[in-house]
Amino acid sequence: GAVVSQHPSWVICKSGTSVKIECRSLDFQATTMFWYRQFPKQSLMLMATSNEGSKATYEQGVEKDKFLINHASLTLSTLTVTSAHPEDSSFYICSASEWGTPRSYNEQFFGPGTRLTVL
Amino acid sequence: SQQGEEDPQALSIQEGENATMNCSYKTSINNLQWYRQNSGRGLVHLILIRSNEREKHSGRLRVTLDTSKKSSSLLITASRAADTASYFCATGRGFGNEKLTFGTGTRLTIIP
């Protein structure tokens with residue numbers, strides 16, 4: 001199956017700093033990437049949909065100026081949490097989708113997640 | 001976005017027994033998928049069932065879909081300790097790069 005990596009796998013930062021999380025598709029071209037956040041023992045909540053070369057589409061209630069998404073290439077999308085605060089502490093997961101191939105029938109390939117802790 | 005509901009929220013069974021989890025959703029769908037998540041890890045895709053399918057098998061997994069009731073079930077037969085994880089259903093309304101809507105999840109514990 002297709003492989004998606006995330007970096008870093010965990011990060012601890014001070015309140016007020018910005019943190020960048022990378023999501024890479026390793027063996028396929030991801031025309032679309034999705035960013036989710038997950039609080040402990042809860043489900044995944046979609047934050048935004050990112051298409052290569054265009055602006056991300058944010059879900060209702062997600063601050064686009066706080067969660068900056070860049071999908072500059074077909075294998076890399078980044079999520080930057082700006083001026084992070086303790087309430088931003090969460091598990092962030094990306095997924096990638098490949099359009100135009102037999103495996104593109106709505107199958108998303110998930111990264112291993114990044115645990116962000118803001119002190 | 002609306003989420004599906006899964007029940008039970010938590011399930012503990014003895015190793016070797018079968019585990020059944022249910023998922024209900026609210027809107028019309030194109031497909032429904034089941035994922036597994038081990039604690040603190042990413043999601044692993046288990047199986048996808050399309051709206052025109054009623055049942056699908058993959059190894060020890062059996063998924064059913066009833067679009068009239070807007071519900072699906074995941075059956076894991078002959079459970080193993082390694083099956084301990086959270087299981088999520090996710091619905092898609094189209095194909096291609098359509099976003100998924102995840103259910104609330106079932107935490108499955110297999111007791112050795």
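Data table
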quantity: Chain A - share of DSSP beta bridges that are antiparallel (%, nearest 5); calculated: 90 percent
quantity: Highest-first arrangement of A:36-46, B:55-65, A:22-32, A:55-65, where packing means the average Cβ count within 10 Å; calculated: A:22-32, A:36-46, B:55-65, A:55-65
quantity: Length-normalised contact order for chain B - Cα pairs under 8 Å, 6+ apart - percent; calculated: 38 percent
quantity: Largest to smallest principal axis extent of the C-alpha atoms in the protein assembly as shown, angstrom; calculated: 48, 39, 32
quantity: Mean separation of Cα contacts under 8 Å, 6 or more apart, over the residue count of chain A: relative contact order %; calculated: 37 percent
quantity: Radius 15 Å from Cβ of B:Gln37, net charge of other residues (Lys, Arg +1; Asp, Glu -1); calculated: +4
quantity: Candidate lysines - alpha carbon under 18 Å from A:Lys20, same-chain residues fewer than 8 apart omitted; calculated: A:Lys55, A:Lys64, A:Lys66
quantity: Label-point gap, in nm, between A:Leu119 and B:Thr77 - each point 7 angstrom along Cα→Cβ; calculated: 5.3 nm
quantity: Rounded to 5, the percent of DSSP beta bridges in the protein assembly as shown classed as antiparallel; calculated: 90 percent
quantity: Over the range B:40-112, equivalent-ellipsoid semi-axes from the Cα gyration tensor in Å; calculated: 23, 16, 11
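Any read-out appearing in this document is the output of simple, stated calculations on the displayed coordinates, not a laboratory observation. Small disclaimer: the values here were computed from a predicted structure and weren't measured. Reconstructed Cβ throughout: ideal geometry from the backbone, glycine too, with neighbour counts over all protein chains shown.
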